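So the structure is just underneath, and the comments pick up after that.
The values are calculated or read from the model by the stated rules, or taken from the named source; none is laboratory data. Every value quoted in this text rests on a predicted model; they were computed, and no experiment measured them. Heads up, the Cβs are rebuilt from the backbone with ideal geometry, glycines too, and the neighbour counts pull from every protein chain shown. Accessible surface is based on the protein model in full, side chains and every heavy atom, while ligands, DNA and RNA are left aside. Shrake-Rupley method; radii C 1.70, N 1.55, O 1.52, S 1.80 Å.
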Number of protein chains: 2
Amino acid sequence: MGDKRRPAAKGKTPATIYDIARITGVNPSTVSRALNQPGRVSASTEQRIREAAADLGYRTNPMARALPTGKTGTLGLLVSDLTNPVYFDLVRGAERIAREHDTMLIFADSQESPELERSTAERLQIAVDGLLLVASRLEDAQIQELAAAKPIVAVNRPVPGVPSVAPDVQPGMVESLDLLHGLGHRRIAYLAGPEASWMNGMKWVTAHDLAVDRGMSIVEIQSSAPTREGGTEAFADVMAADVTAVLAYNDLIALGLIGACQQHGVAVPRDLSLIGFDDIFGADLSAPALSTVRCSWGDMGSRAVSKLLGAIEGDASGAELNLPTEFVSRASVAAPGR
Amino acid sequence: MGDKRRPAAKGKTPATIYDIARITGVNPSTVSRALNQPGRVSASTEQRIREAAADLGYRTNPMARALPTGKTGTLGLLVSDLTNPVYFDLVRGAERIAREHDTMLIFADSQESPELERSTAERLQIAVDGLLLVASRLEDAQIQELAAAKPIVAVNRPVPGVPSVAPDVQPGMVESLDLLHGLGHRRIAYLAGPEASWMNGMKWVTAHDLAVDRGMSIVEIQSSAPTREGGTEAFADVMAADVTAVLAYNDLIALGLIGACQQHGVAVPRDLSLIGFDDIFGADLSAPALSTVRCSWGDMGSRAVSKLLGAIEGDASGAELNLPTEFVSRASVAAPGR
DNA sequence: CATTCTCATGGAATCGTTTCCATGACGGAA
DNA sequence: TTCCGTCATGGAAACGATTCCATGAGAATG
């Protein structure tokens, strides 16, 4: 009675609803109903079918289901750079909610390249029910185009007409600048992230306006990359700017800069105060520990997945969702030394 | 001529080979051949078909392909805890190779729970061509059972009869113990990880044997979890053990312990030398920077994926692959203070 | 010139599920 | 008792791609 087509090379073929149907003596369609639409089938047959299914270790084949329904039960998560520790919490939060909804996450990285991001998004989109675009470097129009095909939620960046989840940098920034101002800082710098990043622009504008409001001078310093190396390399420019405090685009850059300061004998926070962004793993490890603005990436991940699942169900709800940020005080900030 | 069944709610239906067939006036089977088996179709028709496909923005539907072929073009990656920074590099390495082979990665986390790991692995297995089991907490027999259904590669742990990729802790440990011995340490401790972890046992046995060889005493100290908290909580037990150096199961635990030492006024490395494991992001940030044993998780990830892809193709090759480790010298190790 | 072989292509079955439609049994209302 | 609505179930057509088999047109061979 052996299977005559498969060479039985690896593993026996998994059980199908036909196997269950044969055993219980019903039609495959009845099996499908029994398993997916409780109540549509008489209690006794449903019982028998469930038992047989359990016996055979039956699992629905997601590919086969996807064909007629168009639903794959998976979501795509596309980030700009997997190496960045910020994404850990995001992924974790997303994964939690996804699991709760029996949904799998497919995972990809665009290596900070818009072209790669676009092609990956397109390929990914066929295989998933919806896409999470994190810190996208694409243009609004491109994202809107993708969103026309399948539901998309943008994370860490708003896109007109597309649902999004992003931190509201305002509160954390206000706290930061109030603190710096109160301590006596008057000349500060913003150490920038990638130019293509919407969030970078947002942070700069916010910091700028808040600083001006408080009568402080502020300059923007470019960095080569939003990484520790980028921060290290920016050291010279920061020194040249003659400021007493630096707000960094993210913690990685700030940590790189702290390292460079240490190496060059610049005392943090006496000679230079430093504030990062994100509160990533490790921000509290550095010497001195890094003050930072925290936005809950875990929350962002879970909210974004919820929103996306909603959009897939047809909830045209949620335009833009903003999550609050807060200042986290650690040792890298103090009154200016002189 | 509009599509009469779909409510056109979201996005137009993607193009299929039938659309291409209709446009070019050939049979769908010819389209399939033209696209997948170059040379099997006359050059001119292939040309026309490719053009039509490009025009329509055709992408092959992976679900539809998976049904007859049984190949989904995806791999599953199951780790014990996504929060652990060690997995950054692993995921990144895995992702790189996967991309090169036009393969997607599906991603899941078992939250250090063997039951959850088992059920997740089973669910995942249906949707993928092969599974990467990282730091599995399952028993050998369970893994072998899973491996009977579809190809599996175990990472960070060998399993009899199942291909695996794991670090060879020996070289890094030898360097560590030679260094400690040379500096004059005679009483050391091993700060353990999860009991269910094969790797934990491996590290303890190796450290133990090497220490004994060198005439040093060594004790095993339990930790509550392989996290920074676990390391912090182990502080009292470490102090009680009256040792001059500690080898930790991983960097997280070591970093937790460093923090606790700082807080309790125990000077590292003067009063206590510390060596971690993994060289995770942040290991060089702590004060003092953490000496550690590095195994290239990025390599492990890419090797594991290669091996898995090979196994899927039928290469029954690779049994067990071990990657070397090396000691990374930083500031947390010195001669004992007294 | 007849025969065989090759090659491009058409036709149809198949993968596992879902879902629409059909059918027959049964119960209750008239 | 008859008729109709309800309900459980069977039957069959999708979904999109692959692949085996069939077919017919030429080319090659004697």
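Does residue B:220 satisfy being out of contact with any strand residue (DSSP E or B) (no Cβ under 8 Å at 6 or more places or on another chain) and within 24 Å of residue B:80 (Cβ to Cβ)? No: the conditions fail for residue B:220. Out of contact with any strand residue (DSSP E or B) (no Cβ under 6 Å at 6 or more places or on another chain) and under 21 Å from residue B:124 (Cα atoms): is that true of residue A:126 in this structure? Yes; evaluated as a whole, the condition is true for this residue. For region B:9-48, a residue qualifies if it is open to solvent by 80 Å² or more (accessible area, probe 1.4 Å) and among the basic types (Lys, Arg), and the qualifying residues are B:10, B:12, B:22, B:40, B:48. Going through (1) within 14 Å of chain A (Cβ to nearest Cβ); (2) part of a helix (DSSP H, G or I); (3) among the polar types (S, T, N, Q) one by one, residue B:306 falls short only on (1). Annotation: residue A:150 fulfils all but one of (1) basic (Lys, Arg); (2) within 14 Å of chain B (Cβ to nearest Cβ); (3) within 17 Å of residue A:323 (Cα to Cα); the unmet one is (3).
Scanning region A:86-105 for residues that are charged (D, E, K, R), open to solvent by 40 Å² or more (accessible area, probe 1.4 Å) and touching a residue at least 12 places away in the same chain (Cβ under 8 Å) gives A:89, A:92, A:96, A:102. Screening region B:60-72 for residues that are outside any helix (DSSP H, G or I) and near DNA strand D (Cβ under 7 Å from one of its atoms) and picking the one that is surrounded by the most Cβ atoms within 10 Å (Cβ to Cβ) gives B:61.
Within region B:324-338, is even one residue out of contact with any helix residue (DSSP H, G or I) (no Cβ under 7 Å at 6 or more places or on another chain), among the charged types (D, E, K, R) and assigned by TED's automatic domain parsing to the domain that holds residue B:195? Looking for residues that are out of contact with any helix residue (DSSP H, G or I) (no Cβ under 7 Å at 6 or more places or on another chain), among the charged types (D, E, K, R) and assigned by TED's automatic domain parsing to the domain that holds residue B:195, one finds none in region B:324-338, hence no.
Against the condition outside the structural domain of residue A:282 (by TED's automatic domain parsing), surrounded by fewer than 20 Cβ atoms within 10 Å (Cβ to Cβ) and more than 16 Å from DNA strand C (Cβ to nearest atom), how does residue A:51 come out, does it pass?
Numbers: outside the structural domain of residue A:282 (by TED's automatic domain parsing): yes; surrounded by fewer than 20 Cβ atoms within 10 Å (Cβ to Cβ): yes; more than 16 Å from DNA strand C (Cβ to nearest atom): yes.
Yes; evaluated as a whole, the condition is true for this residue.
Cβ-Cβ contacts under 7 Å between residues 6 or more apart (or on different chains), taken from a first residue in region B:20-45 that is within 7 Å of DNA strand D (Cβ to nearest atom) to a second residue that is in a loop (DSSP other than H, G, I, E, B), are listed as B:33/B:40; B:33/B:41. Given the structure, is residue A:304 of a type in the set (A, V, I, L, M), farther than 19 Å from residue A:160 by Cα and touching a helix residue (DSSP H, G or I) at 6+ places or on another chain (Cβ under 8 Å)? Criteria not met by residue A:304. In region B:257-274, the residues that are more than 14 Å from every other protein chain (Cβ to nearest Cβ) reach residues that are open to solvent by less than 10 Å² (accessible area, probe 1.4 Å) and part of a loop (DSSP other than H, G, I, E, B) with C-beta atoms within less than 8 angstrom, at least six apart or across chains, in these pairs: B:266/B:272; B:269/B:332; B:273/B:185; B:273/B:332. Considering only residues of region A:108-124 that are at the interface with chain B (Cβ under 8 Å from one of its Cβ atoms) and open to solvent by 10 Å² or more (accessible area, probe 1.4 Å), which is farthest from residue B:89 (Cα to Cα)? Looking at residues that are at the interface with chain B (Cβ under 8 Å from one of its Cβ atoms) and open to solvent by 10 Å² or more (accessible area, probe 1.4 Å), I get A:122.
Identification of strands (runs of 3 or more DSSP E) wholly contained in region B:199-295 with 2 or more residues that are open to solvent by 30 Å² or more (accessible area, probe 1.4 Å) yields B:217-221. One residue is enough: does region A:73-85 have a residue meeting the conditions open to solvent by less than 50 Å² (accessible area, probe 1.4 Å), within 16 Å of DNA strand C (Cβ to nearest atom), under 30 Å from residue A:250 (Cβ atoms) and outside any loop (DSSP other than H, G, I, E, B)? Yes: one or more hits. Scan region A:153-165 for residues that are in contact (Cβ under 8 Å) with a residue 60 or more places away in the chain and crowded, with 22+ Cβ neighbours inside 10 Å and the total you get is 6. Filtering region A:72-90 to residues that are more than 17 Å from residue A:166 (Cβ to Cβ) and either more than 10 Å from chain B (Cβ to nearest Cβ) or at pLDDT below 90 (or both) leaves A:75, A:81, A:82, A:83, A:85, A:88.
The requirement of being near DNA strand C (Cβ under 9 Å from one of its atoms), in contact with a Lys or Arg (Cβ under 8 Å, 6 or more places away or on another chain) and not β-branched (Val, Ile, Thr) is fulfilled nowhere in region A:20-31; no residue meets it.
Taking the listed residues A:108, A:121, A:141, A:127, the one that is under 23 Å from residue A:319 (Cβ atoms), aliphatic (A, V, I, L, M) and either touching a residue at least 12 places away in the same chain (Cβ under 8 Å) or in contact with a Cys (Cβ under 9 Å, 6 or more places away or on another chain) (or both) is A:121, with no other qualifying. Pairs meeting the criteria (first residue in region A:57-68 and more than 7 Å from DNA strand C (Cβ to nearest atom), second residue hydroxyl-bearing (Ser, Thr, Tyr), beta carbons under 6 Å, at least 6 apart or on different chains) are A:66/A:72.
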